Amino acid sequence: ETHAAKIESNGIVTREGFTVTAKHIVVATNSPVNNKYLLHLRQYAYRTYVIGAKVKKGLLPRALWWDTGDHSVNKSIPPYHYVRTQHMDENYDLLICGGEDHPTGLAEQEGLPEKSRYFALENWARERFPIEEVIYRWSGQVMEPMDSLAYIGRNPVDKDNIYVVTGDSGNGMTYGSFAGMLVSDLVNGKKNKWERIFSPSRFNLLKSGGVFFKEVFGNLLAYLKSRPKGDEHNVRELPPGEGWIINQEGKKYGIFRDHVDGYHLVDAECAHMKCIVKWNADEKTWDCPCHGSRYSWKGHVMNGPANRDLHYHNFPASELVPSEEAVPHHD
């Protein structure tokens with residue numbers, strides 16, 4: 001539970017100011033928190049959704065399934081579904097079905113909010129498998145590299161003893177195995193035939209950049225079009241359990257209303273590169289559409305590349321909204 005607030009070639013500095021020394025540092029934080037720009041221009045963050053549904057034991061074989069993706073949603077990177085079975089008990093197996101991916105923070109650009117992704121996933125599964133009750137629902141975040149291969153090895157433009165593991169494209173168990181072998185060899189000075197293939201310093205725009213940049217810039221344009229402006233309105237209309245972006249005294253904040261009528265404000269600028277975060281109604285988090293940083297409703301950083309919390313302010317309803325007069329509200 002030690003937060004590495006600063007990562008250097010001789011070790012890390014904790015949030016409390018203590019130093020932990022090391023000869024080698026491996027940063028395996030899904031999205032690297034020690035590489036501010038370079039790698040984040042070569043990969044993009046997506047959220048993916050999963051359900052676990054009961055299916056009578058013996059009806060389905062032990063197998064893995066994928067479909068070929070929905071080209072009507074995105075021709076460049078069609079979102080696909082992935083399915084497998086898992087033992088549950090004497091009477092049931094668990095069908096684990098995932099998909100309905102979208103760029104982090106931009107679910108509504110495709111007309112399907114985060115919460116609705118589970119229903120779409122369930123409908124897709126029921127059309128193809130004899131599932132019964134859905135008993136699990138969750139989402140996760142994957143990093144899609146521009147050329148479809150993970151980045152594993154020495155951190156670009158850094159000391160040789162600092163390594164990164166990222167860009168797993170949803171195949172973390174596979175790439176985690178590669179990383180365990182490859183980084184171990186690099187640390188021990190052994191040659192590894194995969195070093196060049198997975199090198200985080202590789203960059204070939206002509207071979208792999210077309211689809212990637214079309215996707216990234218298309219998503220960023222969608223983000224800029226939907227970027228909250230903070231129009232005037234009454235925050236009392238904010239439903240309990242939900243969040244908005246507001247303007248207050250010329251500054252943007254994310255505001256979350258809890259179920260006991262308290263308001264929780266965070267600075268709306270992402271700690272990574274100051275993009276404006278967006279509310280994720282499914283996970284109750286603040287997500288950054290630019291590079292995938294995620295924060296709790298109290299502003300605690302949960303996913304890089306950001307490596308520090310958003311400034312948090314807590315106000316009771318009576319202090320934040322002293323009257324029925326209009327106060328800043330979301331777009």
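The values are calculated or read from the model by the stated rules, or taken from the named source; none is laboratory data. Predicted, not measured: the structure shown is a model, and the values here were computed from it. Cβ coordinates were reconstructed from backbone atoms using ideal geometry, including for glycine residues, and neighbour counts include every protein chain displayed. Quick note on the areas: whole protein, heavy atoms, side chains included, nothing else; ligands and nucleic acids left out. Shrake-Rupley method; radii C 1.70, N 1.55, O 1.52, S 1.80 Å.
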What number of residues in the range 5-23 are polar (S, T, N, Q) and open to solvent by 60 Å² or more (accessible area, probe 1.4 Å)?
3
Only one of these is aromatic (Phe, Trp, Tyr), surrounded by fewer than 16 Cβ atoms within 10 Å (Cβ to Cβ) and in a strand (DSSP E or B): TRP194, TRP138. Name it.
TRP138
I want to confirm something. Restricting to the range 114-129 and keeping residues that are open to solvent by 100 Å² or more (accessible area, probe 1.4 Å) and assigned to a helix (DSSP H, G or I), which single residue is nearest to ARG62 (Cα to Cα)?
ARG126
Every pair of residues 6+ apart whose Cβ atoms lie under 6 Å, when the first sits in the range 87-114 and is more than 28 Å from SER293 (Cβ to Cβ) while the second is among the β-branched types (Val, Ile, Thr):
ASP93/VAL55; ASP93/THR85; LEU95/VAL55; LEU95/THR85; LEU95/ILE131
How many residues, within the range 289-304, are in contact with a Lys or Arg (Cβ under 7 Å, 6 or more places away or on another chain) and under 21 Å from LYS36 (Cα atoms)?
4
Within the range 161-181, count every residue that is under 21 Å from ILE7 (Cα atoms), touching a residue at least 12 places away in the same chain (Cβ under 8 Å) and not in a strand (DSSP E or B).
3
Residue count for the range 151-160, restricted to those that are part of a strand (DSSP E or B) and either open to solvent by less than 30 Å² (accessible area, probe 1.4 Å) or aliphatic (A, V, I, L, M) (or both)
3
In the range 80-113, anything surrounded by fewer than 19 Cβ atoms within 10 Å (Cβ to Cβ), closer than 12 Å to TYR49 by Cβ and either in contact with a helix residue (DSSP H, G or I) (Cβ under 9 Å, 6 or more places away or on another chain) or of a type in the set (Val, Ile, Thr) (or both) is listed as ILE96, LEU112, PRO113
Report yes if some residue within the range 202-222 is farther than 30 Å from VAL164 by Cβ, under 24 Å from the mean Cα position of the chain (by Cα) and at pLDDT 80 or above; otherwise report no.
no
What residue, of ILE77, ILE7, is at negative phi and in a strand (DSSP E or B)?
ILE7
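Filter the range 263-286 down to residues that are open to solvent by 10 Å² or more (accessible area, probe 1.4 Å) and in a strand (DSSP E or B), then give me how many there are. Give the steps one after another, and end with the answer.
Initial filter on the range 263-286 (open to solvent by 10 Å² or more (accessible area, probe 1.4 Å)): 264, 267, 269, 271-275, 278-279, 281-284.
Narrowing further to those that are in a strand (DSSP E or B): 264, 267, 269, 278-279.
Here the count works out to 5.
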The conditions are (1) part of a loop (DSSP other than H, G, I, E, B); (2) open to solvent by less than 40 Å² (accessible area, probe 1.4 Å); (3) farther than 19 Å from THR104 by Cα, and THR2 fails exactly one of them. Which is it?
(2)
If you go through the range 296-312 one residue at a time, do you hit one that is charged (D, E, K, R), assigned to a strand (DSSP E or B) and under 29 Å from ILE12 (Cβ atoms)?
no
Can you run down the residue pairs with Cβ atoms below 8 Å, 6 or more apart or on separate chains, where the first is in the range 268-290 and in contact (Cβ under 8 Å) with a residue 12 or more places away in the chain and on the phi > 0 side of the Ramachandran plot and the partner is open to solvent by 10 Å² or more (accessible area, probe 1.4 Å) and in a loop (DSSP other than H, G, I, E, B)?
LYS284/TRP297
Scan the range 69-86 and report the pairs whose first residue is modelled with pLDDT under 85 and charged (D, E, K, R) and whose second residue is part of a loop (DSSP other than H, G, I, E, B) and open to solvent by 70 Å² or more (accessible area, probe 1.4 Å), with Cβ atoms within less than 9 Å and a gap of 6+ or a chain change.
ASP70/TYR80
